[in-house]
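Here's the structure we're looking at; comments come further down.
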Amino acid sequence: MSKAAINDADKRGRLARWLISGPPLFYLLLFFAIPSLIMVFASVRYAGDYGGLAPVFDEAGKLNLTLENFQRFTSDFIYTAIFLKSLMYAVITTCCCLLMAYPLALLIARSPKKYRDLLILLVILPFWSNFLIRVYAWMIILGPQSGLTQAVNYVLGLVGIEPVRLLFTAFSVIVGLVYVHLPFMVLPLYANLEKHDPALVDAAQDLGASAWQRFWRITFPLSLPGVYAGAALVFIPALGIFAVSDILGGTGSDMIGNVIKQQFLETRDWPFGSVLSIVLTVAALIAAGIAVLVARPRRETHG
Amino acid sequence: MALLEIRNVSRRFGDFAAVDNISLSIEAGEFFTLLGPSGCGKTTLLRMIAGFDLPDSGQILLDGVDLVGSPPEHRPVCTVFQNYALFPHMTVSANIAFPLKMAKVPADQIRLRVEEALEDVRLTGFAARFPHELSGGQRQRVAVARALVSRPKLLLLDEPLSALDAKLREQMQIELINLQKEVDITFVYVTHDQGEALALSHRIAVMNRGNVEQLDEPSRIYSYPRTRFVADFIGTCNLLDGAIASVDGAAMQLDVPGLGLVKSAVPPNAAVGLKGTLALRPEKIHISAEIGTDTAENHFKGFVKELLYLGDVTVYIVQTEGGTTIEALLANSAAGRAKFFEVGDMVDIAWQFDAGHFLYE
């Protein structure tokens, strides 16, 4: 091929790449980057008298911007506290999801090939019905009249402990969060575990590793990319979600998502809502950044 | 007493007998090969020795102790897997250290023994590499080093060279032979490649359909196959079916339909009318343009139907007047010529009466 022809082919390849990646890039720019910038801009403006935003320029024509909203976040500890509590809920949810999803994903990955697709279908089956309806169902399951609550209280009664309430507590919020996010942990874990070469575990056993050592030294380290992906997919949405704590939470179990929603829809303080949103976005980005850093392959020199 | 004794071992999968009542014993220090086509049961037998599969009946004794009932991690037997099964998240040294760590060997000893093992397989300096940074041959050596480092009584090798190209395979064969002598550990080698089996082994068990067809030294397996299957599977072989027409001292006449009377060496218990197969290696057959003045007792005329030029030798497939095709091999060693005959050439093929080996039906 001549040089010119190679250049032509190169150009065509580059054009094809842009044509393919263009639409999603454009979409992200339009619906993620620009709204984020609008949000950042809103965070330094004043709230309007009846909601919305005050004009950028006041009557005298002076620029009407402020950092008050950020000061409010840093000066009033209640918002930091709610934020920290949301973080804790998200961490607990991620850990519970990991502990529950790992055995399940491993079981599916090691079951006969012909059943695997069916089992994965069962994992995502809940997506076929509405998310809110499924969360409302937990209200019934955890409600004071439910068999579960009565059974728990019966057992507690036997050992002389006062009856407890399950619904509208931190417990019910975390149950809901784990329930909603579990498939997002199972899927990346399964995708990773399914690709493992079974000969590796055989080799480890052949070389003297017990069942526990085979898991801990071979299967688990090799599955770490799946663990990080699943953790990010659970942690980030769990941090910002408000519907679950709205429905299943009590007065004390509001999450940062609930507060943001209140700022926009009830208090109608858009600038402060924007500040909280920015904090949430930054936290999510930091979490994703940590996941990427930790997930980078490391050199294990002596096992 | 033999190091490994396999006594009446059977393993079935449904109706299929993968291993059908096999008994054999392997001596300490031996390079022993299980050879056979895929599905012959060689891998199943290997997996039962390693402990990944259990026999339905029979015993596997190592040093007189029955292995059945002890899991793979407790058997003093290590395996080199077909695709090496190196741990991708560990370096070469961590891979080799793995079995020692599992055996709770102290760290300073582990370091020494890993270094030693790396030296054994000529990989010093590669300790910090990851498996994906190694070539196929290097990976194979790491797998061998990892399996040998804990000094097992028995090393099992499951087609360890099948992923390498031909040239490298030959080099690795020589390395394996030398390594086995050096470490003085019994090797049990599984392969479907007869050339590899002949080159490496002290003894070969040729397997077919869950049975051992013949267990012998490589040269005896090649020269004196005991069954039609062995003759056909090991190397190429002309198989001439016929019945004994007459017996005369050390020679007999064999009536081969489509060819005629063939003079051959008398097998034990020969009697007129008995049927069987004459196994005749292509390299034992002379091929020439005219009947020569040699002493070959058997001469047949034919024409070259097909030929395969292989560089060092040419394989001629000759169709005789009776319609039988016979394969003959001729070295292209004469000076100044590339090969001797072309397709369609009339030729004379000849062999001495004791060139073949008669197998009863």
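Every number in this text was worked out from the coordinates using simple rules, so none of it is lab data. All values derive from a computational prediction rather than experimental measurement. A quick note on method: Cβ atoms are made from the backbone with ideal geometry, for glycine too, and the neighbour counts reach across all protein chains shown.
Under 28 Å between alpha carbons, and skipping anything fewer than 8 positions from A:Lys113 in its own chain: which lysines qualify?
Excluding near neighbours in sequence, the set is A:Lys195, B:Lys42.
The range A:1-147: percent of C-alpha pairs farther apart than 22 Å?
In whole percent, the share of Cα-Cα pairs in the range A:1-147 beyond 22 Å is 75.
For the range A:78-170, give the magnitude of the charge dipole about the Cα centre (Cβ charges: +1 Lys/Arg, -1 Asp/Glu; no others), in debye to the nearest 20. Before the final figure, lay out the partial values.
Working: 7 positive and 2 negative charges, 77 e Å.
Here the size comes out at about 360 debye.
Along the range A:277-287, what does the Karplus equation 6.51 cos²θ - 1.76 cosθ + 1.60 (θ = phi - 60°) give for ³J(HN,Hα), rounded to whole Hz, x for Gly and Pro?
For the range A:277-287, the Karplus-derived couplings read 4, 5, 4, 5, 4, 4, 4, 5, 5, 4, 4 Hz, x marking Gly and Pro.
Go ahead and estimate [θ] at 222 nm for chain B from helices alone: -39,500 (n - 2.57) per DSSP H run with n ≥ 4, summed, over the residue count, rounded to 500.
-7000 deg cm²/dmol
Mind jotting down the distance between the C-alpha centroids of the range B:90-105 and the range A:1-73, whole Å?
53
At a temperature of 37 °C and a viscosity of 0.692 mPa s, determine how fast the protein assembly as shown diffuses translationally according to Stokes-Einstein, using the Kirkwood radius over alpha-carbon pairs as Rh; express D in µm²/s, rounded to the nearest whole number.
101
Each residue of the range B:147-161 in order: what ³J(HN,Hα) in whole Hz does its phi give by Karplus 6.51 cos²θ - 1.76 cosθ + 1.60, θ = phi - 60°, with x for Gly and Pro?
Going residue by residue, I get 6, 8, 5, 8, 6, x, 6, 9, 10, 9, 10, 9, 6, x, 9 Hz, with x marking Gly and Pro.
State the antiparallel share, in %, of DSSP beta bridges confined to the protein assembly as shown, rounding to the nearest 5.
If we restrict to bridges inside the protein assembly as shown, about 80 percent are antiparallel.
Tabulate in residue order the Karplus-calculated ³J(HN,Hα) for the range A:22-27, using 6.51 cos²θ - 1.76 cosθ + 1.60 with θ = phi - 60°, rounded to whole Hz; enter x for Gly and Pro.
Whole-Hz 3J(HN,Hα) from phi for the range A:22-27: x, x, x, 4, 4, 4.
Just flag the GluC sites (Glu not before Pro) in the range B:191-292 sitting in loop per DSSP whose Cβ has no more than 12 other Cβ atoms within 10 Å.
B:Glu290
Using only Cα atoms, figure out Rg for chain B and give it as a multiple of 2.2 N^0.38 Å.
After normalising by residue count via 2.2 N^0.38 Å, the value is 1.20.
Among all the lysines, which ones have a C-alpha under 29 Å from A:Lys3's C-alpha, if same-chain residues fewer than 8 places away are not counted?
Reachable lysines: A:Lys11.
Skipping prolines and chain starts, which residues have an amide H placed within reach, meaning under 5 Å, of the one on B:Gly302, given they are 5 or more residues away or on another chain?
Counting only residues 5 or more places away or on other chains, the set is B:Val347, B:Ile349.
Once Rh for the range A:156-296 is found with the Kirkwood sum over Cα pairs, what is the Stokes-Einstein diffusion coefficient at 20 °C and 1.002 mPa s, in µm²/s?
Details: Rh = 18.3 Å.
Here the translational diffusion coefficient equals 117 µm²/s.
Could I have the simple spin-label model distance between B:Phe52 and A:Leu65, label points 7 Å from Cα toward Cβ, reported in nm to one decimal?
Between B:Phe52 and A:Leu65, the simple spin-label model gives 6.6 nm.
For the range B:58-133, what is the convex hull (Cα atoms) projected area averaged across all directions, in square nanometres?
With the hull built on Cα positions only, its mean projection is 6.8 nm².
Once you mark the trypsin sites (Lys or Arg not before Pro) that are in a DSSP loop and have at most 12 other Cβ atoms within 10 Å, what is the longest gap between them in chain B?
Between the exposed loop sites, the longest stretch runs B:105-336.
Could you compute Rg(Cα) / (2.2 N^0.38 Å) for chain A, with N its residue count? Before the final figure, lay out each step's value.
Details: Rg = 25.1 Å, N = 303, 2.2 N^0.38 = 19.3 Å.
Ratio of Rg to 2.2 N^0.38 Å for chain A: 1.30.
Once the cut-off is 20 Å, how many percent of the Cα-Cα pairs in the range B:236-360 end up in the long-distance tail?
Looking at the range B:236-360, the distances longer than 20 Å represent 42 percent of pairs.
In the range A:1-77, which trypsin sites (Lys or Arg not before Pro) are in a loop and have at most 10 other Cβ atoms within 10 Å, using DSSP for the loop call?
Those satisfying the criteria are A:Lys62.
Identify, among A:Leu67, B:Leu200, B:Ile6, the residue whose Cα sits farthest towards the positive end of the charge dipole of the protein assembly as shown, taking +1 on the Cβ of Lys and Arg and -1 on the Cβ of Asp and Glu, with the dipole about the Cα centre.
My answer, from the dipole projection, is A:Leu67.
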